[in-house]
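The values are calculated or read from the model by the stated rules, or taken from the named source; none is laboratory data. None of the values given here were measured: they were computed from a predicted structure. Here the Cβ positions follow ideal geometry from the backbone for every residue, glycine too, while neighbour counts run over all protein chains shown.
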Amino acid sequence: MNIDLPDNSDDISLDPIKSTVKYELDSLEKKLKSALRSDVSLLDNICDSLISNPGKRLRPNVLFLAARNADGDPEKSITAGFAVELIHTATLIHDDIIDDHDFRRGRPTVSSKWGRNIAIIIGDYLYSRAFSALSREGLWEVMSILARATNAMSVGEMLQFQHKRDVDVSEKSYLNLINKKTASLFAAACESGAILGPNGGCNRNEYSMFGENIGLAYQITDDLFDYLAAEEYMGKPVAADLFGGKVTLPFITSYKNAPENVKLRVSDILRRGFDKEGCWDEMLLFIKNYGGVEYSIEKARNFGEKAKTFLNTLSPSPETELLCYTADYIVERIIPYSG
């Protein structure tokens, strides 16, 4: 089973993966609809809104592939994928509160439609439903893995606050932040899938490291989208991260390469806050002119290639090829916007 990325980057999709794990994905959607029912109509309305506006389900997808490759029980992997997706959704809801986002995936966020207090409760509710499902199925090791990941994500959020509008933040600090905030859940998803097989996950570390590295690549490309992509692709406003004071790799790289007078100018813009319409073109040129785009794509590609090396010790299979395809997809999705 050879899987090549299409020659036209615009055509890159997750279809090869979704067709392979169709049973698990279909079952996941059914589980999301049934397991989130309650006797509180407001809660049901909000959960219905979330379920009807799904993302790529990328984290459950890699979990399902890892579980299949380990000959894991499909029903257990569906429950684990359910928990991963709920945790991810909860973090997005809380992110939208923190960042004051009005829209996500083209629709009003929970916080903008129902208010911040309800959004906080919904995020907590999804976390609780995730761990309740794992407990009910006796998936204690998966619960332990995901508990560590949620703790790491919380630390990553605090680091992000700590470095807000910090133009002197280093690349090393940034990578540590995104490792905790984003890569930890990818790593946990892959490791969770691996341990569901009959061998108890003897290759769990390889899967975890694969997940960590694709998670780093994912966040770097996501940070590039904040500068380069159309809002209808992103599902949230472009420039939202920079406007909110988040200093990411494209900025860090360009700031390091820029002459002193340019550094003074952009640091002043970032620290005092800026009118997006008035300064955005200037900031975009700054990122493009001083190497932020090229370096970030190269860095993401390196993490994607590194991720694939952790699967080299495993016997070749359709699932490992699709995991490698996922690593390529994560990086190549930014290419159409980088010209």
Exercise for the section: Could you tell me which residue of region 168-190 is nearest to the chain's Cα centre (by Cα), considering only residues that are more than 21 Å from Leu311 (Cα to Cα) and without any contact (Cβ under 8 Å) to a residue 40 or more places away in the chain? Expected result: Lys181
Fill in the blank from the handout: Here the residues within region 242-272 that are in a helix (DSSP H, G or I), surrounded by 21 or more Cβ atoms within 10 Å (Cβ to Cβ) and polar (S, T, N, Q) are Thr253, Ser254
Practice task
Determine whether region 38-59 contains at least one residue that is out of contact with any Gly (no Cβ under 9 Å at 6 or more places or on another chain), hydrophobic (A, V, I, L, M, F, W, C) and assigned to a loop (DSSP other than H, G, I, E, B).
Solution key: yes
Practice task
Can you run down the residue pairs with Cβ atoms below 6 Å, 6 or more apart or on separate chains, where the first is in region 319-330 and farther than 16 Å from Asp71 by Cα and touching a residue at least 12 places away in the same chain (Cβ under 8 Å) and the partner is among the aromatic types (Phe, Trp, Tyr) and assigned to a helix (DSSP H, G or I)?
Solution key: Ile330/Tyr218
Completion exercise
Of the residues in region 137-174, those that are modelled with pLDDT of 95 or more, in contact with a Leu (Cβ under 7 Å, 6 or more places away or on another chain) and closer than 24 Å to Leu264 by Cα number 2
Practice task
Please give the number of the condition Arg165 fails out of (1) in a helix (DSSP H, G or I); (2) over 15 Å from the mean Cα position of the chain (by Cα); (3) not polar (S, T, N, Q).
Solution key: (1)
Handout entry: Selection from region 229-269 of residues that are at pLDDT below 85, of a type in the set (A, V, I, L, M, F, W, C) and more than 17 Å from the chain's Cα centre (by Cα)
Key = Ala230, Ala239, Leu242, Phe243
Practice task
Return a yes/no flag: does region 57-65 have any residue that is surrounded by fewer than 23 Cβ atoms within 10 Å (Cβ to Cβ) and over 22 Å from the mean Cα position of the chain (by Cα).
Solution key: no
